Amino acid sequence: MSFPAHSSYRDSGVEWLGDIPVHWQLLPTKRRFRRRKDLNTGMICDHRLALTMNGVIPRSIEDVDGLQTNDFEGYQIFEKGDLAFKLIDLQNIKTSRVGLVPERGIMSPAYIRLQPLSDVEVRFGYWYFMALYWNQVFNTLGGGVRQTLGPEELLTVPLPLPPLPEQSAIAAFLDRETAKIDALVEEQRRLIELLKEKRQAVISHAVTKGLDPTVPMKDSGAEWLGQIPAHWEVKRLRHIIAALDSGTSVNASDVPASGDEIGVLKTSCVYAGTFDAGENKTVIAEDLDRVTCPVKRGCLIVSRMNTPELVGAAGLVTGEHPNIYLPDRLWQIEFGEVEAAFADLWTSSASYRAQVRVACDGTSSSMQNLSQDKFYGFIIAMPPRSEQRQIVARLGQQLGQMDALAARAELAVSILRERRVALISAAVTGKVDVRGVAIRQAEAA
């Protein structure tokens, strides 16, 4: 859908804002929002009223991570309809937030609270500041090592402001249009999750039951394996692993190695269940003589330490990477009696993940460790080598089709997100005139 432009524009004098409609005002934020910093002095002590950022919207929650007591003195009081900003470390998109406060509560002193004046539709302000956030305008305005935007700098940010009825029309239009886009994104996300579930189910069945549903079965003797083909063997990894090595922890810059530079892998190189050699850091000159364990083609890389969801993540090295080495948190495994590609598929199965969950331990629930001894004790159902190759070939076709569907869904999500940001930015800066559309939407609702 295309939208008309306004009849006439004027130069805003702000490079990232461009032209704005003639009848819009351009004011510093402090002319229409005031900063409030009302500290909680014991009036609110119920942890259910503590607000936290969830995505881009703060919400009230039953339990707040990191808060162990009901002593919330020093926290700020936020009222319904306030705008909340956390503009610290702007280079990290995950930690920078803008939110519309849905109910009275308290938030950390790290947040900036702005309260709209009577001639401002707060939802228009919310969408405008979100557009600045998504377009990374705040990054160009912030300063310091962590690119932080303080309260005073925020209050000087130029605010293009249409008349109040038009603000309300723009906000209503964006509420409706973004809800439609969000629904489409959610559909694609559900498809991606279903494909992930189907992918694991297909792999799990193939590496524990085989491809022929008519073959005789036998009890494997393991709860997480159940019955397996009668001609398969159950073996522990210690009997099929030819070598297990790990690298050395070295100092490196957070930039991938290029050319003849030496790189050390990040644990994220296997996060997706495949091996990504590009997930590495360039080793600094002083530590070049300390690197050990170069990456070898045909080996399986396994993460021995990570979050509960990612510990044990693995990926098969299929190419040559002569200048890439392992850190101490990754294992490189060479197999003897099993096809490496079959073992790689097995690490994506439910039976493998069940053994990882049981074997892991750690002092923190957010960081788990997998010991070599316990890993060596894992069991795997092994068909003859020729059958392993057949399974790998068959799954290569099936998984390729699923991966193609998932890639298309991911692309659709990316396009919808770009569309969402572009639509919001165009509406709140006056590049399009949505007043007529908003009226028709309201009449049809």
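The values are calculated or read from the model by the stated rules, or taken from the named source; none is laboratory data. For clarity, every value in this text was computed on a predicted model and none was experimentally measured. With ideal geometry, Cβ positions are generated from the backbone for all residues, glycine too; neighbour counts draw on all protein chains shown.
Take residues that are surrounded by fewer than 14 Cβ atoms within 10 Å (Cβ to Cβ) and tell me which of the strands (runs of 3 or more DSSP E) falling wholly in the range 333-404 contain 2 or more.
Passing ranges, in order: 361-364.
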- What are the residues in the range 197-209 that are surrounded by 14 or more Cβ atoms within 10 Å (Cβ to Cβ) and more than 15 Å from Phe342 (Cβ to Cβ), if any? Lys198, Arg199, Gln200
- Message: Regarding the range 210-217, can at least one residue be identified that is buried (at least 18 other Cβ atoms within 10 Å of the Cβ), touching a residue at least 40 places away in the same chain (Cβ under 8 Å) and out of contact with any Pro (no Cβ under 8 Å at 6 or more places or on another chain)?
- Response: no
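Could you check how many residues of the range 115-140 are in a helix (DSSP H, G or I) and within 14 Å of Ile424 (Cβ to Cβ)? Even if it seems obvious, please write down each step before you answer.
Step one: filter the range 115-140 for residues in a helix (DSSP H, G or I), giving 122-134, 137-140.
Within this subset, residues satisfying the condition of being within 14 Å of Ile424 (Cβ to Cβ) are 123-134, 137.
Adding up the residues that qualify gives 13.
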- Task: Determine the pairs where a residue that is surrounded by fewer than 23 Cβ atoms within 10 Å (Cβ to Cβ), located within the range 105-124, has a partner that is part of a strand (DSSP E or B) and hydroxyl-bearing (Ser, Thr, Tyr) with Cβ atoms under 9 Å apart, the partner being 6 or more residues away or on another chain.
- Result: Ser108/Thr52
- If you check Ser204, Ser220, Ser249, Ser253, which single one turns out to be among the hydroxyl-bearing types (Ser, Thr, Tyr) and outside the structural domain of Gly319 (by TED's automatic domain parsing)? Ser204
- Across (1) at pLDDT 95 or above; (2) assigned to a loop (DSSP other than H, G, I, E, B), Trp16 clears everything bar (1)
- Message: Scan the range 278-286 and tell me whether some residue there is modelled with pLDDT of 95 or more, out of contact with any helix residue (DSSP H, G or I) (no Cβ under 9 Å at 6 or more places or on another chain) and in a strand (DSSP E or B).
- Response: yes
- Residue selected from the range 354-397 under the condition more than 22 Å from Ser204 (Cα to Cα) and not hydroxyl-bearing (Ser, Thr, Tyr), by the criterion modelled with the lowest pLDDT: Gly362
- Search result, residues across the range 177-213 that are in contact with a helix residue (DSSP H, G or I) (Cβ under 6 Å, 6 or more places away or on another chain) and under 12 Å from Leu405 (Cα atoms): Gln188, Leu191, Ile192, Leu195, Arg199
